[in-house]
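Take a look at the structure set out below.
The values are calculated or read from the model by the stated rules, or taken from the named source; none is laboratory data. All of these numbers come straight from a predicted model, not from anything done at the bench. Don't worry about glycine lacking a Cβ; one is built from the backbone with ideal geometry, like all the others, and counts go over all protein chains shown. These accessible areas exclude ligands, DNA and RNA; they are computed on the full protein's heavy atoms, side chains included. Shrake-Rupley method; radii C 1.70, N 1.55, O 1.52, S 1.80 Å.
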Amino acid sequence: MKDRVPVVGVLALQGDYQKHLEILDSIDVRGVEVRLAEDFDRVERLIIPGGESTVMTELLGRLRMEDKLASFVSKQPVWGTCAGMILLASGVNDRSVKTLGAIDIAVDRNGYGRQVFSTVAPATLALNGHRESLDLVFIRAPRVTRVGEGVTTLLKCGDDPVLLAQNNVLVSAFHPELTGSALLHDYFARKFAADFS
Amino acid sequence: MDNKKDLMTVNVGLAEMLRNGVIMDVTNAEQAKIAEDAGAVAVMALERVPSDIRAGGGVARMADPAVIEKIKSTVTIPVMAKCRIGHFAEAQLLEAMEVDFIDESEVLTPADYENHVDKFQFKVPFVCGCRNLSEALRRIAEGAAMIRTKGEAGTGDVSEAVRHLRLINKQIKELTVLRKDELSSRAKELAVPLDLVMKVAELGKLPVPNFAAGGIATPADASLCMQLGAESVFVGSGIFKSETPEKMAKAIVTAVARFDHPKDLVEISRGLGASMKGISVANIGEEELLHTR
């Protein structure tokens with residue numbers, strides 16, 4: 001019998017959450033929008049998408065989702081892309097964003113500059129014995145400025161870590177949901193365990 | 001990064017990041033801060049909000065660079081700014097100032113009644129207004145990374161935005177059921193490239209995000225546009241011409257996140273004070289309409 005694939009929630013307050021759901025659908029993973037606190041009970045893993053971290057911070061507070069989110073990210077597998085990475089970090093250079101401290105990294109919001117500095121960079125990613133070339137899409141991306149002990153860097157772009165993991169938390173500064181590749185979604189939904197070390 | 005395909009990826013990508021959010025018109029740094037604190041996903045810098053342009057008359061142009069720079073240094077969310085239709089020099093100034101998005105907007109007085117800006121000459125993404133599928137696809141063919149309805153700006157009357165959203169969606173649906181050999185003549189009728197028409201027929205949607213704009217003044221207006229398929233909303237005069245801009249700004253942001261939950265929208269809409277007074281589109285003379293530009 002095939003292993004059952006966990007239900008993956010996508011935080012659906014603001015941003016490109018539909019893009020993540022489309023990719024999950026394309027690899028036969030059940031994706032669910034998480035729009036209220038009770039929705040966390042229906043999912044086993046969570047993706048926090050790209051968008052604006054200030055807006056997500058505001059809405060998480062207004063819709064009283066902060067406690068449930070904090071408890072979810074303390075134990076269940078969770079993956080943050082771009083704005084999601086900022087929310088999961090332990091520190092950010094912007095007081096209007098409330099970080100969860102789920103992964104021991106510090107980031108600079110829009111650390112590479114404004115939209116004219118957004119870019120696509122080719123890379124080769126090795127994960128679980130698979131090697132795949134993929135385009136890394138950086139959009140007003142956060143820049144990792146400190147990597148704590150116990151955090152593993154899975155991919156660098158130039159000198160900067162852009163894909164990192166610690167325990168149950170995976171973060172990427174780029175947007176895998178905007179490229180054709182489902183490699184990372186497949187990895188997160190099917191392989192990524194809550195004990196990454 | 002000079003590759004055109006990669007540039008389109010990051011520019012349409014930024015438009016994707018702004019989905020399910022509210023972009024607010026602001027005329028100074030104080031308003032920009034209020035917008036950001038309320039949860040705006042981006043701000044649009046302009047000299048006067050559309051209702052003041054409508055009331056004041058005269059030629060409406062790109063905002064003063066000093067104002068745009070002050071706004072840029074005040075907020076951390078993306079900053080957009082408007083240039084006149086066809087005014088590629090204003091667009092060049094905005095790009096030199098490194099704004100995050102340029103709105104080639106009918107709200108300002110057009111600089112060219114024949115041609116739009118060739119948006120492929122720019123690194124910065126463009127958003128353009130449209131009333132129907134033909135306009136939307138022509139703007140995309142010129143390089144727009146985001147489309148918005150024109151609506152009728154500065155009125156607080158949502159009816160034109162609704163008309164434009166419904167029409168574009170109907171025209172897209174029609175494409176999806178046409179035979180391949182019929183798409184060619186349809187492309188000719190729409191006066192747009194065939195490959196773009198075939199792409200829309202295949203996707204069942206535009207290849208770039210489609211947002212609503214023009215006349216949105218209440219949380220319920222935002223909900224209406226989202227339910228009609230808009231992927232985000234622009235609010236112009238609706239916020240800073242309301243009685244309590246802070247409250248209205250917050251309410252419209254929450255309304256977009258809860259757009260399909262009427263009970264939540266009741267709470268969100270309660271006690272906001274007066275919305276902008278506005279003017280019915282039916283009472284505006286043909287020559288004063290902005291959406292026909």
*R0 = 22 Å: FRET efficiency of A:A193 with A:A121, Cβ-based, nearest 0.05?*
0.20
*Just the number, please: percent antiparallel of the DSSP beta bridges in the protein assembly as shown, rounded to the nearest 5.*
35
*Per-pair calculated FRET efficiency, R0 = 45 Å: B:E142 and B:K277 via Cβ, rounded to 0.05*: 0.80
_Less than 16 Å apart at the alpha-carbon level, and either on another chain or at least 8 residues along: which lysines does that give for B:K250?_
B:K33, B:K241
*If you take the C-alpha gyration tensor of chain B, multiply each eigenvalue by 5 and take the square root, what semi-axes do you get, largest first, in whole Å?*
28, 23, 19
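List the GluC sites (Glu not before Pro) in region A:125-197 that DSSP assigns to loop (not H, G, I, E or B) and whose Cβ has at most 14 other Cβ atoms within 10 Å. Which are they?
When the GluC sites (Glu not before Pro) of region A:125-197 are filtered for loop state and at most 14 Cβ neighbours within 10 Å, A:E149 remain.
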*Got a sec to turn the phi values of region B:45-58 into Karplus ³J(HN,Hα) couplings, 6.51 cos²θ - 1.76 cosθ + 1.60 with θ = phi - 60°, whole Hz, x for Gly and Pro?*
8, 8, 5, 9, 5, x, 5, 6, 5, 4, 6, x, x, x
*Spacing of the two label points (7 Å from each Cα toward its C-beta) at B:S134 and B:E69, in nm*: 4.4
*asked:* Please report the spacing between the Cα centers of region B:155-177 and region A:21-46 in Å, no decimals.
replied: 30
_Skipping prolines and chain starts, which residues have an amide H placed within reach, meaning under 5 Å, of the one on A:G9, given they are 5 or more residues away or on another chain?_
A:V32, A:E44, A:R45, A:L46, A:I47
*Once phi is turned into θ = phi - 60°, what whole-Hz ³J(HN,Hα) does the Karplus curve with 6.51, -1.76 and 1.60 give for every residue of region B:79-87, x standing for Gly and Pro?*
10, 9, 8, 9, 10, 6, 4, x, 8
*Share of pairwise Cα separations in region A:8-196, more than 29 Å, in percent*: 12
*Any chance you could look up the accessible area of B:K123 with a 1.4 Å probe, heavy atoms only, rounded to 10 Å²?*
80
*Select from A:E38, A:E58, A:E66 the residue whose mean-square fluctuation is largest in a Gaussian network model of chain A (Cα-Cα springs shorter than 10 Å).*
A:E38
*Would you kindly compute the Cα radius of gyration of the protein assembly as shown and its largest Cα-Cα separation (Dmax), both in Å?*
22.0, 73
*Which of A:V147, A:V162, A:V116 moves most in a GNM of chain A, Cα contacts under 10 Å?*
A:V116
_In whole Å, what are the extents of region B:174-293 along the principal axes defined by its C-alpha atoms, from largest to smallest?_
55, 37, 19
*Would you calculate a helix-derived [θ] at 222 nm for chain B, using -39,500 (n - 2.57) for each DSSP H run of n ≥ 4 and dividing by the full residue count, to the nearest 500?*
-13500 deg cm²/dmol
*asked:* Out of all DSSP beta bridges in region A:8-196, what portion is antiparallel? Express it as a percent rounded to 5.
replied: 60
*Report the FRET efficiency, 1/(1 + (r/R0)^6), for B:D37 and B:L178, where r is their Cβ-Cβ distance and R0 is 51 Å, rounded to 0.05.*
0.60
_Max mean-square fluctuation residue, GNM over chain A, Cα-Cα springs under 10 Å, options A:G15, A:G111, A:G51_ = A:G111
*Residues of A:84-96, mean number of Cβ from any other protein chain within 10 Å of their own Cβ, rounded to a whole number?*
1
*At 7 Å along the Cα-to-beta-carbon direction for both A:E38 and B:E202, put a label point, then send me their distance in nm to one decimal.*
4.2
*Hey, how many Å between the Cα centroid of region B:1-57 and the Cα centroid of region B:216-234?*
16
*asked:* Can you tell me the length gained on complete extension of the stretch A:R64 to A:R95, counting 0.36 nm per residue apart and subtracting the Cα distance?
replied: 9.2 nm
_Net dipole in debye of the protein assembly as shown [+1 Lys, Arg Cβ; -1 Asp, Glu Cβ; about Cα centre; nearest 20]_ = 620
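Using a 1.4 Å probe and counting only protein heavy atoms, how much accessible surface gets buried when B and A come together, both sides summed, in Å² to the nearest 100?
3000
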